[in-house]
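Comments concern the structure below.
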Amino acid sequence: MSKYVAFNNDTALSYVQELGQFFPTDSVLSCYEFGDGNLNLVFRIQDTNQRSIILKQALPYARCVGESWPLTLDRARIEASVLQKHGKVCPALTVKVLHHDSELAVTILEDLSDLAILRGELNQGQTFRQLGSDVATYLARTSFYHSDFYLSPADKKALVQEFTNPELCSITEDLFFDDPYRVHERNNFPAELTEQVHLLRQNSTLLVNIARLKSKFFSSPQTLLHGDVHTGSIFVSQNQTKFIDPEFGFFGPIGFDLGSFIGNLLLNYCAHNGRVAEAPKRRDLHTYLLNTISTCLQVFEQQWLALAKEESRDLALQAPGFSEQFLQEVLQDAMGYCGTELIRRTIGLAHVADIDEIEATDKRLAVQKQTLLLGEQLILNAKSCRSTDDFYQLIISFVH
C-alpha cells in the first residue's frame with residue numbers, strides 16, 4: 001500500500017528533519033507553503049542562517065481545479081528524472097535535484113529565491129541580456145543529447161518508454177490542439193472575441209495545420225522535451241538562467257519547446273501594447289524581445305549544428321546536409337507550435353498574467369485580438385520557414 005499523504009507545513013518540515021541531510025543537526029528550521037501554480041504543493045524550508053531548500057509535492061489532482069480533475073502522481077518521478085537528465089548535459093541552466101521520493105511524489109530542489117520568475121520580470125519591463133542565448137543553449141543541448149543523433153537506438157527506445165507521460169500529454173493535446181478550435185467549457189474568452197474565434201474555427205486550412213502539429217506531437221519522439229517551456233518555468237537574474245518544472249516532459253518533437261518559449265515572448269510583446277503607455281519605453285521593450293527571439297533562434301541553430309557535426313554517433317545521420325535539413329523541419333514545427341501557444345493562452349483554459357492583468361478592458365481586448373491573429377498567421381505560414389532568418393522575418397512582418 002502506498003504511504004502517500006499530502007503534506008502541510010508541519011509534515012513537510014518533519015520529513016526534511018527525518019532525512020537529516022540538508023541542514024546541521026542543531027538547526028532551527030521553519031517551513032511555509034507558497035505554491036501558486038496549477039498542480040503542486042511547494043514548500044520552502046530554511047534555517048536561521050538563511051540556508052534553504054525547496055520541497056515540491058505532486059497532488060493526485062490538479063490543484064487549480066480540485067479532485068474532480070485527477071492526475072497521476074508519477075508526474076513527480078518524470079519531473080525529477082527530466083531535471084536529472086537535462087542537468088547532466090546542461091547543469092548551469094537546470095535547477096538541481098537534491099532528493100526524490102516516488103512514493104510520496106516529493107522532490108527536493110535547490111532554492112532559487114535569489115532569482116526571479118521570468119514572467120513577472122518581463123511584465124515589469126525588466127530585461128536580461130543573456131536570456132536568448134541561455135535558453136538556446138539549454139534547448140540545443142538537451143534536445144541534441146537525447147536525440148537519435150547521439151543516443152543508440154536501444155538507449156533511445158528505453159528512454160522513450162521510461163518517459164511515457166500519457167496523462168500530462170493528454171492535457172497538452174487538449175489545451176493546445178483541441179479546445180480552442182471548438183466549443184468547450186474549459187475555454188475562456190470575452191464575448192467581444194466571439195466573431196474572431198468563430199472565423200478561426202471555420203478556417204479549414206488552419207485546422208489542417210493544427211492537425212499536422214498534433215500528429216507530430218503524437219508521433220515524433222525526437223528528444224526528451226521539457227514539455228512546458230514558458231516564462232513561468234524559467235528563473236532569471238542578470239547573471240543566471242534556470243529551468244524548472246518539466247513535469248510535462250516526454251519524448252516529442254524538438255520544435256515544441258522552442259516554439260513554446262518564443263510564443264511566450266510574443267505574448268509579452270503584444271501585452272506591452274496594453275501595458276506601457278509611453279511609446280519610447282514600449283519600443284525599447286519590443287526591441288529587446290525581438291532581439292531576444294533573434295538571438296535565441298540563431299544560437300540554437302549554431303549550437304545544434306555544431307553538436308551534430310562534432311558529436312553525432314549515428315553514421316547515416318552524419319550524411320552531409322542532413323542535419324541542416326532536419327533543423328529546417330524543426331524550425332517549421334517551432335513556428336507552428338509558437339502559434340498554438342499564442343492562441344491557447346488567449347482563448348483556452350490557461351491564460352497568462354501578461355495579458356489578463358492589463359487593467360483597461362479596451363486595451364486588453366486589443367491585445368487579445370492581436371495575439372489571436374498573430375498565432376493564426378504563424379501556423380498558416382510555418383511551412384514557408386526555411387531558416388532562422390525566415391522565422392524572425394515572418395514574426396517581424398506580423399507584429400508590425
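The residues of the range 1-27 that are of a type outside the set (A, V, I, L, M, F, W, C), over 16 Å from residue 53 (Cα atoms), open to solvent by 60 Å² or more (accessible area, probe 1.4 Å) and touching a residue at least 40 places away in the same chain (Cβ under 8 Å), listed by number, are 2, 3. Take residue 274 and decide whether it is under 23 Å from residue 336 (Cβ atoms) and small (Gly, Ala, Ser). Considered against the rule, which asks whether it is under 23 Å from residue 336 (Cβ atoms) and small (Gly, Ala, Ser), residue 274 comes out as no.
Taking the condition over 18 Å from residue 224 (Cβ atoms) and in contact (Cβ under 8 Å) with a residue 40 or more places away in the chain, does residue 175 pass? Steps first, please.
Values: over 18 Å from residue 224 (Cβ atoms): yes; in contact (Cβ under 8 Å) with a residue 40 or more places away in the chain: yes.
Judged against the criteria, residue 175 is a match.
Filtered by the rule that a residue be surrounded by 19 or more Cβ atoms within 10 Å (Cβ to Cβ) and either more than 24 Å from residue 20 (Cβ to Cβ) or without any contact (Cβ under 8 Å) to a residue 60 or more places away in the chain (or both), the range 54-72 gives 54, 55, 56, 57, 59, 71.
Selection over the range 28-53 of residues that are open to solvent by 60 Å² or more (accessible area, probe 1.4 Å) and touching a residue at least 60 places away in the same chain (Cβ under 8 Å) gives a count of 1. Taken over the range 141-168, residues that are touching a helix residue (DSSP H, G or I) at 6+ places or on another chain (Cβ under 8 Å) and under 30 Å from residue 184 (Cβ atoms) amount to 4.
Taking the criterion of being of a type in the set (A, V, I, L, M, F, W, C) and either part of a helix (DSSP H, G or I) or open to solvent by 20 Å² or more (accessible area, probe 1.4 Å) (or both), the residues of the range 133-160 that qualify are 135, 136, 139, 140, 144, 151, 154, 158, 159, 160.
I'm trying to understand the selection: among the residues of the range 161-177, which are outside any loop (DSSP other than H, G, I, E, B) and surrounded by fewer than 16 Cβ atoms within 10 Å (Cβ to Cβ)? Before the answer, list the steps.
Here is the first cut: in the range 161-177, the residues outside any loop (DSSP other than H, G, I, E, B) are 161-162, 166-177.
If the condition is that a residue be outside any loop (DSSP other than H, G, I, E, B) and surrounded by fewer than 16 Cβ atoms within 10 Å (Cβ to Cβ), then 161, 162, 166, 167, 170, 173 are the ones that fit.
When each of 129, 119 is tested for being in a loop (DSSP other than H, G, I, E, B) and either touching a helix residue (DSSP H, G or I) at 6+ places or on another chain (Cβ under 8 Å) or over 30 Å from residue 4 (Cβ atoms) (or both), the lone residue that passes is 129.
Under 9 Å between Cβ atoms, at least 6 apart or on separate chains: pull out the pairs that start in the range 218-238 with a residue that is at positive phi and end on any residue that is in a loop (DSSP other than H, G, I, E, B) and open to solvent by less than 30 Å² (accessible area, probe 1.4 Å). That search, which allows pairs on different chains as well, returns 227/165; 227/246; 227/247; 227/248; 227/249; 227/250.
Residue-wise test of (1) open to solvent by 10 Å² or more (accessible area, probe 1.4 Å); (2) more than 20 Å from residue 86 (Cβ to Cβ); (3) of a type outside the set (D, E, K, R).
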residue: 251; (1), (2), (3): yes, no, yes
residue: 259; (1), (2), (3): no, no, yes
residue: 275; (1), (2), (3): yes, yes, no
residue: 282; (1), (2), (3): yes, yes, no
residue: 317; (1), (2), (3): yes, yes, yes
residue: 325; (1), (2), (3): yes, yes, yes
residue: 340; (1), (2), (3): no, yes, yes
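For residue 239, the requirement of being modelled with pLDDT of 95 or more, among the polar types (S, T, N, Q) and part of a loop (DSSP other than H, G, I, E, B) is met.
Just to verify a result, which residue in the range 347-400, among those that are polar (S, T, N, Q) and open to solvent by less than 30 Å² (accessible area, probe 1.4 Å), is farthest from residue 186 (Cα to Cα)? Please lay out each step first, then the result.
Narrowing the range 347-400 to residues polar (S, T, N, Q): 361, 368, 370-371, 377, 381, 384, 387-388, 393, 397.
When the remaining residues are screened for being open to solvent by less than 30 Å² (accessible area, probe 1.4 Å), the result is 368, 371, 388.
Details: 368: 17, 371: 19, 388: 34 Å.
So the residue we want is 388.
All told, residue 221 falls short of being modelled with pLDDT of 95 or more and over 18 Å from the mean Cα position of the chain (by Cα). Remark: pairs (first residue in the range 269-289, touching a residue at least 40 places away in the same chain (Cβ under 8 Å) and of a type in the set (Ser, Thr, Tyr); second residue assigned to a helix (DSSP H, G or I) and open to solvent by 60 Å² or more (accessible area, probe 1.4 Å); Cβ separation under 8 Å; 6+ apart in sequence or on different chains) are absent.
Only residues that are farther than 16 Å from residue 6 by Cα and either part of a loop (DSSP other than H, G, I, E, B) or modelled with pLDDT under 95 (or both) were counted in the range 52-68, giving 2. Within the range 382-400, residues that are free of Cβ contacts under 8 Å to residues at least 24 places away in the same chain have Cβ atoms under 6 Å from residues that are open to solvent by 10 Å² or more (accessible area, probe 1.4 Å) in no pair, counting only partners at least 6 apart in sequence or on another chain.
Rundown of residues vs (1) in a strand (DSSP E or B); (2) touching a Ser or Thr at 6+ places or on another chain (Cβ under 8 Å); (3) of a type in the set (S, T, N, Q), yes/no style:
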{"position": "10", "(1), (2), (3)": "no, no, no"}
{"position": "23", "(1), (2), (3)": "no, no, no"}
{"position": "44", "(1), (2), (3)": "yes, yes, no"}
{"position": "50", "(1), (2), (3)": "no, no, yes"}
{"position": "80", "(1), (2), (3)": "no, yes, no"}
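Can you find a residue that is within 23 Å of residue 251 (Cβ to Cβ) and not charged (D, E, K, R) anywhere in the range 43-58? Within the range 43-58, one or more residues are within 23 Å of residue 251 (Cβ to Cβ) and not charged (D, E, K, R). Among the residues of the range 208-236, those that are part of a loop (DSSP other than H, G, I, E, B), in contact with a helix residue (DSSP H, G or I) (Cβ under 7 Å, 6 or more places away or on another chain) and open to solvent by 10 Å² or more (accessible area, probe 1.4 Å) comprise 221, 230, 232.
The values are calculated or read from the model by the stated rules, or taken from the named source; none is laboratory data. What you see is a predicted model, and the numbers here were worked out from it, not measured in a lab. Virtual Cβ from ideal backbone geometry, glycine too; neighbours counted across all protein chains shown. Only protein heavy atoms, including side chains, enter the accessible area calculation; ligands, DNA and RNA are left aside. Shrake-Rupley method; radii C 1.70, N 1.55, O 1.52, S 1.80 Å.
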